[in-house]
Amino acid sequence: MTKFNPNRLNVKYIPPVNSYVPIEGRKYTLTHSDETSELFLTIGAKYDHSAINLKLRDEVFAEWQTRNGEYLLYAKVYVSGGEFDKKFSQVRYMIFKKELELALTGIIYGDQQFLMNSPWLLDCPIFVHFESIYPEFNEVQFYGTPRQYLKKAINRVVSKTQA
């Protein structure tokens, strides 16, 4: 897995979303560049479809939702809608699983000011839906809490500056 580097994270807010509001419906679009290893995070009320590479479909979408009166961060990755055969879908699935920690760290670290302004969200669960027409790759998994990702990212940043 690639290590998170905050210097390679580019964050863009689309108004009316800012580092304070809203929680409900707050959406994240995370993409990356294989060439530069940069991560691109758009935070808005809608997903940033203009940032998506329709041939690769390697973006991560996430949004704050409520279920049974409690907040959760629900993310989605697109494995296959039938355009990829089963073998290639399995490769995509494995790559997503391998790189998901990096992607979630980018989302959480990129919106850390919002999380500091809404600290009760730090311990909300994160669920990731792997979307695929193949049942073995179509699943929802628990991926911890924002606090876990933020703590790891901040510790890496602090240890690098002290080195």
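Values in this text are rule-based calculations from the coordinates and carry no lab data. Just so it is clear, the structure is predicted and the values come from calculations on it, not from any experiment. Methodologically, a virtual Cβ is constructed for each residue, glycine included, from the backbone with ideal geometry; neighbour enumeration extends over all protein chains shown.
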note = Expected sort for T36, T105, T145 with the fewest Cβ neighbours (10 Å cutoff) up front is T36, T145, T105
request  = Please build a GNM for the chain, connecting alpha carbons under 10 Å apart, and tell me which residue among P125, P15, P146 fluctuates the most.
outcome  = P15
message = On a full-extension model of 0.36 nm per residue, what is the gain between N53 and F127, subtracting their alpha-carbon distance, rounded to one decimal in nm?
response = 24.3 nm
query = What list of ³J(HN,Hα) couplings, whole Hz, do you get for segment 138-149 from phi and the Karplus terms 6.51, -1.76, 1.60, once you set θ to phi - 60° and write x for glycine and proline?
reply = 9, 7, 10, 10, 7, 10, x, 10, x, 4, 4, 6
key: Candidates I133, I23, I108, ranked by Gaussian network fluctuation over the chain, Cα under 10 Å, top entry   = I133
message = Helix-only estimate, please: 222 nm mean residue ellipticity of the chain, summing -39500 (n - 2.57) across DSSP H runs of length 4 or more and dividing by its residues, to the nearest 500.
response = -10000 deg cm²/dmol
query = Long-range amide H contacts for V17: which residues qualify at under 5 Å (H placed 1.01 Å from N, peptide plane, sequence gap of 5 or more or a different chain)?
reply = A45
inquiry  = Looking only at the chain, where both bridge partners belong to it, what percent of the DSSP beta bridges are antiparallel (to the nearest 5)?
reply    = 65 percent
note = Residues whose built amide H sits under 5 Å from the amide H of N10, excluding neighbours closer than 5 in sequence, are L39, F40, L41
Estimated vicinal HN-Hα couplings, Hz - segment 26-38 in sequence order (Karplus 6.51, -1.76, 1.60; Gly, Pro = x) = 5, 10, 10, 10, 10, 10, 8, 10, 5, 6, 9, 6, 7
query = Using 0.36 nm per residue, how much length does the chain from K46 to T66 gain when fully extended, once their Cα-Cα distance is taken away?
reply = 5.5 nm
remark   = Per-residue Cβ contact counts at 10 Å, fewest first, order Y28, Y109 as Y109, Y28
